[in-house]
1. I'm trying to understand the selection: among the residues of segment 55-70, which are within 17 Å of Ala102 (Cβ to Cβ) and either open to solvent by 60 Å² or more (accessible area, probe 1.4 Å) or touching a Lys or Arg at 6+ places or on another chain (Cβ under 9 Å) (or both)?
2. Looking at segment 75-89, is at least one residue within 29 Å of Gly145 (Cα to Cα) and in contact with a Ser or Thr (Cβ under 6 Å, 6 or more places away or on another chain)?
3. Do we have any residue at all in segment 158-167 that's in a helix (DSSP H, G or I), under 19 Å from the mean Cα position of the chain (by Cα), under 22 Å from Pro42 (Cβ atoms) and modelled with pLDDT of 90 or more?
4. Quick test for you: out of Leu108, Leu101, pick the one residue that is modelled with pLDDT under 80, open to solvent by less than 40 Å² (accessible area, probe 1.4 Å), part of a helix (DSSP H, G or I) and more than 26 Å from Pro144 (Cα to Cα).
5. Quick one: in segment 14-50, of everything that is of a type in the set (D, E, K, R) and assigned to a strand (DSSP E or B), which residue is farthest from Arg155 (Cα to Cα)?
6. Between a residue in segment 115-136 that is closer than 17 Å to Ala57 by Cβ and any residue that is polar (S, T, N, Q) and in a helix (DSSP H, G or I), which pairs come within a Cβ distance under 7 Å, given they are 6 or more apart or on different chains?
7. Do we have any residue at all in segment 71-78 that's open to solvent by less than 80 Å² (accessible area, probe 1.4 Å), part of a loop (DSSP other than H, G, I, E, B) and under 25 Å from Cys162 (Cα atoms)?
8. Scan Pro15, Pro31, Pro42 and give me the residue that is at pLDDT below 75, within 25 Å of Val88 (Cβ to Cβ) and either in contact with a Ser or Thr (Cβ under 6 Å, 6 or more places away or on another chain) or of a type outside the set (Ser, Thr, Tyr) (or both).
Amino acid sequence: YASVQAPDAVGSGGPVPIPGTIVDHCQKIVPCVGVMKVNKMPFLVSISQAIKFGAVAWLENTKADAIVSHIKDARNAHVKRGFLLEIVEVDGQFEPPHGKLAAMGVTLDKCSREEPVPVAKRRSRTLKERCCSICCSLPRTKLPGALVVQMVGTRNFWLNVCPPKDGVSQN
């Protein structure tokens, strides 16, 4: 018998650095933020206008503190990667956390109370449409909450994998 060697371990390379041309061209980003509900579960949906990167987070409740916490996490993630986040486009329901966001150096650009932010609304509709296609293929009609959260996160991940035609990169 010949001796068998174990293959080398595959290491995770960590985050891939963002090309300098993208950071220089789109250093200041403006995320559009909205709340969508899937099976009566609220999700905070955001998509940045320049780089077309979407993020989604499940909200335990729609109170100001929960929303501010998720916006702060999104801001920190963008700043960590070299982007500046100073303005956030929101709809009228984001009035309560205005002071807490201003303390972080974030300015709110609000739509009227009844109008959603168009870019965030489009992302929400796309996510719901993709989630609906999954639900139609499942044998059950009632889904547990954890499955809904994972389904929305997975759909958002795959929307970010392929850059849109009007996004920051063609490859």
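1. Selection gives Ala64, Asp65, Val68.
2. Checked against the condition, which is being within 29 Å of Gly145 (Cα to Cα) and in contact with a Ser or Thr (Cβ under 6 Å, 6 or more places away or on another chain), segment 75-89 yields no hits at all.
3. The answer is yes; a qualifying residue exists.
4. Answer to the check: Leu101.
5. Start the filter on segment 14-50 by keeping residues that are of a type in the set (D, E, K, R), which leaves 24, 28, 37, 40.
Filter once more, so that each one left must be assigned to a strand (DSSP E or B): 28, 37.
Numbers: Lys28: 26, Lys37: 15 Å.
Here the answer is Lys28.
6. Short answer, once both residue conditions are applied: Leu127/Asn156.
7. No, every residue in segment 71-78 fails to be open to solvent by less than 80 Å² (accessible area, probe 1.4 Å), part of a loop (DSSP other than H, G, I, E, B) and under 25 Å from Cys162 (Cα atoms).
8. Checking each option against the conditions leaves just Pro15.
The values are calculated or read from the model by the stated rules, or taken from the named source; none is laboratory data. All figures in this text were calculated on a predicted structure; none of them were measured in a lab. Note: ideal-geometry Cβ built from the backbone for every residue, glycine included; neighbour counts use all protein chains shown. Keep in mind that these areas ignore ligands, DNA and RNA; they rest on the heavy atoms of the full protein, side chains included. Shrake-Rupley method; radii C 1.70, N 1.55, O 1.52, S 1.80 Å.
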